[in-house]
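FYI, it's all coordinate maths here, none of it is from the lab. These numbers come from a predicted model, not from an experiment. Positions of Cβ are generated from backbone atoms using ideal geometry, with glycine treated the same way; all protein chains shown enter the neighbour counts.
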Ligand SMILES: Nc1ncnc2c1ncn2[C@@H]1O[C@H](COP(=O)(O)OP(=O)(O)O)[C@@H](O)[C@H]1O
Ligand SMILES: [Mg+2]
């Protein structure tokens, strides 16, 4: 499978604080790839650099064969980014929010309608889309934001902690939405500090700690290699 994204030797320092010490990974076409690791490991920093919101201190990133630093606009056109702790406009109705965002990204009225229809289907919120975002539960808001991130059919959707803070059922729904829409040709790069839940969503994972990748592979490869029954155990084993 061809790579959508190639990351090599990626480094980032905030002043004297080293957040990324040189990391390598690839995201292939049509896969869900997860960066998993504890808080402070460098996940958000990595995703923000790939989303062109933060500049790296070193290393190379190639997106669809193009150098991200040289062609940031090319990258921005083809990715979407759901930030950690993102919110939507509370005084807007859900549907108005989706229409507003679709209008922002679409090049034609037909495309705008297509984006909205797709977003409405992704949220599964039905008539609640006619009510204000401020009245939504955390799970509903997350689905709305996820729909915003997936409606444009990006080549790569970057989702920072898409299930964090959600209860079990809402987290399950979000995982199902991600799985379903990846089938349609979008690749997903996501992060999570929850190593157990992410195993069932990801085709491949990279374990990250203190700005370094400890190991990477499919969940079953990693479990086999470390003789572990889940990714938390793999993580502990790879620290040694
Ligand atoms: N704006 C910033 N200024 C200084 N240090 C930062 C900043 N953002 C993140 N860091 C530090 O970089 C490291 C990685 O953070 P982050 O990428 O947010 O990790 P994660 O998303 O895995 O929790 C942490 O040690 C964090 O404290
Ligand atoms: Mg983070």
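General remarks:
- Length-normalised contact order for the range 3-239 - Cα pairs under 8 Å, 6+ apart - percent: 27 percent
- Once you divide the Cα radius of gyration of the chain by 2.2 N^0.38 Å, the number left is 1.01.
- Between the Cα long axis of helix 94-105 and the first principal axis of the chain there is an angle of about 70°, rounded to the nearest 10.
- Histogram of C-alpha separations across the range 1-97, 10 Å bin width, %: 14, 43, 29, 12, 2
- Relative to the longest principal axis of the Cα atoms of the chain, the long axis of helix 109-123 lies at roughly 70 degrees.
- Angle between the chain longest axis and helix 138-150 axis [Cα atoms, degrees, rounded to 10]: 90 degrees
- Bridge type composition, the chain - antiparallel percent by DSSP, nearest 5: 55 percent
- Computed over the chain, the per-residue total of -39500 (n - 2.57) for DSSP H runs of n ≥ 4 gives a 222 nm mean residue ellipticity of -11000 deg cm²/dmol, rounded to 500.
- Whole-Å distance, taken between Cα centres, linking the range 63-95 and the range 38-59: 14 Å
- Packing order of peptides 50-58, 165-173, highest average first: 50-58, 165-173 (average count of other Cβ atoms within 10 Å over each peptide's residues).
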